[in-house]
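Notes follow the structure.
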Amino acid sequence: MTKSIGIGLVGCGIVGTGLLQQLKENASAIEGRLGVPLDVRRIAVRDVTTVRSDLVPRDKLTTDPMELVNDPDIQVIVEVMGGVERAYEVVRAAILAGKHVVTANKALLAERGAEIWNLAEEQGVDLYYEAAVAGGIPIIRVLREALASERILAIRGIVNGTSNYILSRMTEEGLSFDVALAEAQAAGYAEADPTLDVGGGDACHKIAILATLAFGQRVPADQIPTEGIDRLSPVDITFARRLGFIIKPLAVARVAGDALDLRVHPALVPIEATLATVHGALNAVAIEGALLGPVLMSGPGAGAGPTATSVAGDVLDIARNLECRAHSRVPARGFRRVALSDAKLRDIGDHRGRFYLRLTVDDRPGVLGAVTSALGDNDVSIEQMFQEGGWQRGKRSDTGPVSVVLLTHRATERNVRAALAVIERHDAIVAPTQLLRIEE
């Protein structure tokens, strides 16, 4: 049995400092579970002069991650530096040096994951990444291990806490998107540049990782249809609630015949649905198994505590493997390399479901007739429709254009968009139509 297990920490921001806190405060319990202590021996940072927490030992700092990679007293590299290219260089070098790796970097895995996973398998080292998706929710471990014998049919989740927080505030207080975003930034839930979160890119990276684990297929993140929440208005939230729905930022991955239905977008979910009750910065992932049925996991999806907890859990798993000499016991992506196939993604136009449409029109005779005719000509039937007076700055107004809101029966997205292309050529349409999918 080894005297201790050496850890090299690459990056020491919020998550890295949170990990140091976990390892210090829970050192006795960790050693009791492992039989050996964990020792953070070196820490690589961009600038050693930056003021840091007292948890960070100054004598262990370096600006060169390769010093950690080449240190024979370090067995595990923990990458929490963020970014893609430099992180890829460090992780690749660590694997080639025979180090085991823990990363919280979803962008790295979504963009360069195939190379990293293959290399880890070839080198016979462990690669763990629980913190890359849904923070403190152990969804990676569940898909990779607990449900390894199950055939997964679908995954639907709220996997970006920033977007969920913003929509929750818009729903609860009637805030505009801009005001809710500013509030999220002030609360520390949103970055100064929130594009990756509110534009859907972060959720896209995460669902690509989950789909690979669930379905054993290589999923190109850049081919997943992705829409953000930045085009939503309080008006849509108000209408959705009136119709019995809550708008949530969803990431979806499900089997659709011989293809995979992958998409990221805000959607209307029934107000009684479990996902509709997940508010604030919480995340939730619903899994549907062929034999198991539905399972829901929910919890904090970001922050130092939840993320560091997942990172620490991965470090402990690798430490156990080191003590038992059981490296690569579980394939990094859940499937051995030879079992993977390239995913065939379903065209978003083939998506079939119900849709919410909000048109902004000049109130004059013949407009509704033109709308219903265009929909009917494209095999889209109307389930509900109503017209209301205009809205100015999110409030009712008796002047100006009016809102025409309708729900369709089930139809293909291709047909709905073909109808909208006709409708929006009408000179009474004064603003782009809002289209939202209904997820049931």
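Max-minus-min Cα coordinates of the stretch 169-220 on each principal axis give 41, 23, 15 Å, with the largest extent listed first. Could you give log10 I(q)/I(0) at q = 0.06, 0.14 Å⁻¹ for the chain, computed by the Debye formula over C-alpha point scatterers of equal weight, without solvent? Once normalised to I(0) and log-transformed, intensities are -0.30, -1.24. Close amide H partners of residue 430, meaning residues 5 or more places away or on another chain with modelled amide H under 5 Å apart, are 360, 361, 362. For the chain, the solvent-accessible area works out to 43 Å² per residue, with a probe of 1.4 Å and every protein chain left in place. For residue 260, the residues 5 or more places off, or on other chains, whose built amide H falls under 5 Å of its own are 344, 345, 346.
Across the stretch 55-163, Cα-Cα distances exceeding 19 Å account for 51% of all pairs.
Across the stretch 115-159, the volume of the C-alpha convex hull divided among the residues equals 106 Å³ per residue. Ligands, DNA and RNA left out, the accessible area of the chain computed with a 1.4 Å probe is 50% carbon and sulfur. Think of each Lys and Arg Cβ as +1 and each Asp and Glu Cβ as -1; about the Cα centre, that makes the dipole of the chain roughly 640 debye.
Other residues whose C-beta falls under 14 angstrom from the C-beta of residue 156 contribute a net charge of +1, scoring Lys and Arg +1 and Asp and Glu -1.
When you restrict to C-alpha pairs under 8 Å that are six or more residues apart and normalise by the size of the chain, the relative contact order lands at 16 percent.
Across all directions, the average projected area of the convex hull around the alpha carbons of the stretch 115-255 is 10.2 nm².
Near residue 191: Cβ cut-off under 12 Å, other residues only, Lys/Arg at +1 and Asp/Glu at -1. The net charge is -3. Binning at 10 angstrom from zero up to the longest distance, how are the C-alpha pair distances of the stretch 284-327 distributed in percent? Going out from 0 Å in 10 Å bins, the stretch 284-327 shows 23, 27, 34, 16 percent. Distances longer than 22 Å among the Cα atoms of the stretch 330-440: what percent of all pairs is that? In whole percent, the long-distance tail amounts to 43.
The values are calculated or read from the model by the stated rules, or taken from the named source; none is laboratory data. Given the structure is predicted, the values throughout are model-derived calculations rather than measurements. Counting neighbours? That spans all protein chains shown, and the Cβs are built from the backbone with ideal geometry, glycine included. The protein model used for the area step is the full one, side chains on, heavy atoms only, and it has no ligands, DNA or RNA in it. Shrake-Rupley method; radii C 1.70, N 1.55, O 1.52, S 1.80 Å.
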